[in-house]
Amino acid sequence: HAPCETIYVMAGTYYNEKFGSGQNHYKAVVNLSGVTDGLTIKAYPGDDRPKLKFDGPGGIICNSASPCANLDISGLEIEGPNAEISYQEAIDNRNSLTTLIKYTARGVAVWKGDHITLSDMVVHHCPGSGMRVNKGDYISITDSVVYDNTWWSPRAESAIVLAESLAVDSATNTIKMTIARNEVYGNINKIPYYNPNYDWDYSPIGGLDCGSVAACDPAAPEYANTLTQCPWQCRYGKATQNYIIDGMGVYVTRNKDTYLHGQMALEDNVCHGNGINGLVFHRTDRGYVRRNIVHSNGVVPVLEIPEPVVEDWHASAAGKSRQRYSGLVLNNAEGVKLWSNNVAARYDDDYAFKQEDDSGIPTPVEAGGNNKACKGLVQMDPSNIVATEQDLSVCGVPN
């Protein structure tokens, strides 16, 4: 294509090469790796929304070896293969080192890039994330509907993700990363996290000395009792993980050590019916969380509370309850401004608003107010930035 070119996509369904072959392959519908010269891709005006349908690594891909930049993509539908995959298929493939790529596929996956706009997208039924950008800067994901993703991937995916971001300049007080005006729902991890690269004695959570517990060692006789004697934190990401604690709606994560210049804004999103929390600012500093409506998340079961409808995938969550948060969470986050968010947790004893920090003492919210909790507990510092609201409809809960 020519520099600064616009490609109009006509109505119709577009498939990846090798679609339907049953082969393990790496053919995305659109591969934008290395494209940096100002490309716009948009639906043809007046036509029905064009669809990208995939059974490979994803709908639109940009890899980290050949970063992309200066992209504007809008008006497309992206559909993954979730509806054609059963729970039994996905759980059977979970621990395989040769898992078919389709079980971890994402709608849009940019592994490194900057100055990228994704708007007016409909992204659904992707086994992994709906839209995700790693190692990015000047990223905008807006005005989109992202639903029924993250079901079958064992990679602890969330619906919309900005992770490990890298600033391309030194503008610190500028909002450069935006997730805004999206509706995000039905995104649930139904398969426990598995990372084949984890050593048996490693755990990224909990700070435990897993190597000192014989029941965690696959070579030890005590391993026969690993489900009862090896701490759950030490089984995180291992073949023996029999619980689900991942799977958010809107999620910015692991940016604290990599994103040193710039602000993030999560605003005006509606997040409901997702697996754990609706919106999370995780290990990320500097940003605005404002005017989001978050309700009815925490779809992953709490063991002591019977589910109204039992589903087959609940077997993968039977080893431990999810964390008792199902709303909006700030986790190891500094310099965050929290304004005018309305949140209803799934249960009265779930947290609607929660702060977490490895030290046990979270950094106070930098500024905020006019936040409302329609259902659930609140733990925020300062506490007066969140008020209780009795009318559930204020937080988007249907009558």
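Could you tell me which residue of the stretch 340-374 is most open to solvent (accessible area, probe 1.4 Å), considering only residues that are basic (Lys, Arg) and closer than 20 Å to Arg290 by Cβ? Within the stretch 340-374, the match that is most open to solvent (accessible area, probe 1.4 Å) is Lys372.
Among the strands (runs of 3 or more DSSP E) confined to the stretch 274-337, the ones with at least 3 residues that are closer than 16 Å to Lys354 by Cβ and either of a type in the set (Phe, Trp, Tyr) or at pLDDT 95 or above (or both) are located at 279-282, 325-331.
Residues are listed down the side, and each one gets a yes or a no for (1) closer than 28 Å to Val123 by Cα; (2) touching a helix residue (DSSP H, G or I) at 6+ places or on another chain (Cβ under 9 Å):
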| site | (1), (2) |
| --- | --- |
| Tyr223 | no, yes |
| Pro231 | no, yes |
| Ala239 | no, no |
| Asp246 | yes, no |
| Val250 | yes, no |
| Arg254 | yes, no |
| Ala265 | yes, no |
| Asp268 | yes, no |
| Gly273 | yes, no |
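Residues in the stretch 338-348 that are assigned to a strand (DSSP E or B) and farther than 22 Å from Asp246 by Cβ: Leu338, Trp339, Asn342. Pick from the stretch 216-249 the residues that are open to solvent by 20 Å² or more (accessible area, probe 1.4 Å) and of a type in the set (S, T, N, Q): which of them is farthest from the chain's Cα centre (by Cα)? In this case the residue turns out to be Asn225. Going residue by residue through the stretch 76-87, is there one that turns out to be among the hydrophobic types (A, V, I, L, M, F, W, C) and surrounded by fewer than 19 Cβ atoms within 10 Å (Cβ to Cβ)? Within the stretch 76-87, one or more residues are among the hydrophobic types (A, V, I, L, M, F, W, C) and surrounded by fewer than 19 Cβ atoms within 10 Å (Cβ to Cβ). The set of residues in the stretch 133-151 that are touching an Asp or Glu at 6+ places or on another chain (Cβ under 8 Å), under 16 Å from Met248 (Cα atoms) and surrounded by 24 or more Cβ atoms within 10 Å (Cβ to Cβ) comprises Val146, Asn149, Thr150. Selection of the stretch 114-132 for residues being under 27 Å from Leu260 (Cα atoms) and crowded, with 24+ Cβ neighbours inside 10 Å yields Leu118, Ser129, Gly130, Met131, Arg132. Taking the criterion of being surrounded by fewer than 17 Cβ atoms within 10 Å (Cβ to Cβ) and assigned to a strand (DSSP E or B), the residues of the stretch 15-47 that qualify are Tyr15, Thr40. Scanning the stretch 88-98 for residues that are part of a helix (DSSP H, G or I) and either open to solvent by less than 50 Å² (accessible area, probe 1.4 Å) or acidic (Asp, Glu) (or both) returns Glu89, Ala90, Ile91, Asp92, Asn93. Among the residues of the stretch 186-194, is there at least one that is out of contact with any Lys or Arg (no Cβ under 8 Å at 6 or more places or on another chain), at positive phi and open to solvent by less than 50 Å² (accessible area, probe 1.4 Å)? Yes, the stretch 186-194 contains at least one residue that is out of contact with any Lys or Arg (no Cβ under 8 Å at 6 or more places or on another chain), at positive phi and open to solvent by less than 50 Å² (accessible area, probe 1.4 Å).
The values are calculated or read from the model by the stated rules, or taken from the named source; none is laboratory data. Everything numeric in this text was worked out from a predicted model, so none of it was measured. No Cβ is skipped: glycine too gets one built from the backbone with ideal geometry, and neighbour counts run over all protein chains shown. Note: areas computed on protein heavy atoms with side chains; ligands, DNA, RNA excluded. Shrake-Rupley method; radii C 1.70, N 1.55, O 1.52, S 1.80 Å.
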